[in-house]
Each structure stands twice: as structure tokens, then as C-alpha cells.
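Here is the structure we will look at.
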Amino acid sequence: MSEATEDAGSWLNFQCNVGSSWDASSHKCGAAWIVRDHHGIPLLQSRRAFSSVFSPFEADLFSIMWSLEALRDLHTTKVIREVSFAEAWKAFISPEKFPNVSYVLSRLRIIANDFEHFQLLLSPPGINSAALSIALSVTKDRRYQSYLARGVPSWLSSYLRSEASGGSSAS
């Protein structure tokens, strides 16, 4: 869990790590998110695939938007979102500098207004490594089936347990 998340204090209920992967040859994107409690324990996670995605930047924006829509639909209104997509984060913070994606950015802002508390943090890639691993399962392993599940996928459980307890990453 990042230091910024720990410093969020009393309003924080959950943290959501968002991951994204993109395959240039197929124009497919993998998106994933993991919601954790204030101790870093994974509670929910989800994955989905997008088609006709033409850049990593677009994949990152779609992943953020999908995670917002999903958490809104789950009535999870107090969540810090952590992403490692610097360009997408910059676009969200300064949309006037990204007129080519203004529609997506305006949609993101509309969805963000549905949350009781909204915060999008730019975090080091290691913070989102588990979400990235799930997103990569779409583009690398061709797992196109979307899902929403409690806990963690079995293939990441030891890694996430170690991460939650403050240990180093397992292979």
C-alpha cells in the first residue's frame, strides 16, 4: 500500500489499484482492478478485455473509466484509485492539454462526480503490479473472459498475501 494511501486518514475505506496492458498486433487491451481494505487485504478484483484499442494511452484511459464505472455500480463511493499511467493521469489532471481525448476525459469526470470522495493518485509501477499481472493475462494469455470475484486469483494469492503483510514480492 502506498504512503499516500496510508496518509489519507479517516475518510478512506478502500484502495483500488488499476492495471492496463495493450497488444499492438491485435489492438486489444486488458484491464484489471483490485480493491483492498485499509490493511492492504484484497477484497474484490475484476478483469476485462477491450477490442479496437489503438494505443497504450487509450488502453490506460479505458481501464480507468471501466474501474470507475464498476466501483460506482458496486456503490463503493469512498475509494482512492492508484494508477501507474503517467500520461493518463496527466490527462485527467489537466484535460485542456489533451483535446484529442476530451470526450473520454469528460466522461471520466462525470463518473468521478458520482463518488462521495474521489482521488486519483499516480503511483510507482510496483504499487499496481498485481493489477497489471491480471491485465496482462488478457493480452499475453488471451484470457478474454471478463469476471468479478471476491478475494484474489489463486495464481496471485501468495504474492498478494506477501504484499499485504509488507513483504517483498514473490515470483
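Things worth noting here:
- Residue within the range 116-127 that is closer than 21 Å to Asp73 by Cβ, assigned to a loop (DSSP other than H, G, I, E, B) and either at pLDDT below 95 or touching a strand residue (DSSP E or B) at 6+ places or on another chain (Cβ under 9 Å) (or both) present: yes
- Residue in the range 26-35 that is over 15 Å from Ser137 (Cα atoms), at pLDDT 90 or above and touching a Cys at 6+ places or on another chain (Cβ under 6 Å) present: yes
- Taking the criterion of being within 19 Å of Asp73 (Cα to Cα) and free of Cβ contacts under 8 Å to residues at least 60 places away in the same chain, the residues of the range 31-49 that qualify are Val35, Asp37.
- Counting the residues of the range 36-57 that are surrounded by fewer than 23 Cβ atoms within 10 Å (Cβ to Cβ), of a type outside the set (S, T, N, Q), part of a strand (DSSP E or B) and modelled with pLDDT of 95 or more gives 3.
- Against the conditions (1) among the hydrophobic types (A, V, I, L, M, F, W, C); (2) assigned to a helix (DSSP H, G or I); (3) crowded, with 17+ Cβ neighbours inside 10 Å, Ile110 satisfies every one except (3).
- Residue within the range 76-85 that is among the aromatic types (Phe, Trp, Tyr), buried (at least 18 other Cβ atoms within 10 Å of the Cβ) and not in a helix (DSSP H, G or I) present: yes
- Selection within the range 7-21: residues that are at pLDDT 90 or above and in contact with an Asp or Glu (Cβ under 8 Å, 6 or more places away or on another chain). The member of this set that is surrounded by the most Cβ atoms within 10 Å (Cβ to Cβ) is Ser20.
- Lone unmet requirement of (1) over 19 Å from Leu156 (Cα atoms); (2) under 17 Å from the mean Cα position of the chain (by Cα); (3) modelled with pLDDT under 90; (4) not β-branched (Val, Ile, Thr) for Met1: (1)
The values are calculated or read from the model by the stated rules, or taken from the named source; none is laboratory data. Since we're looking at a predicted model, the values are computed, not measured. Glycine gets a Cβ as well: all are built from the backbone with ideal geometry, and neighbour counts include every protein chain shown.
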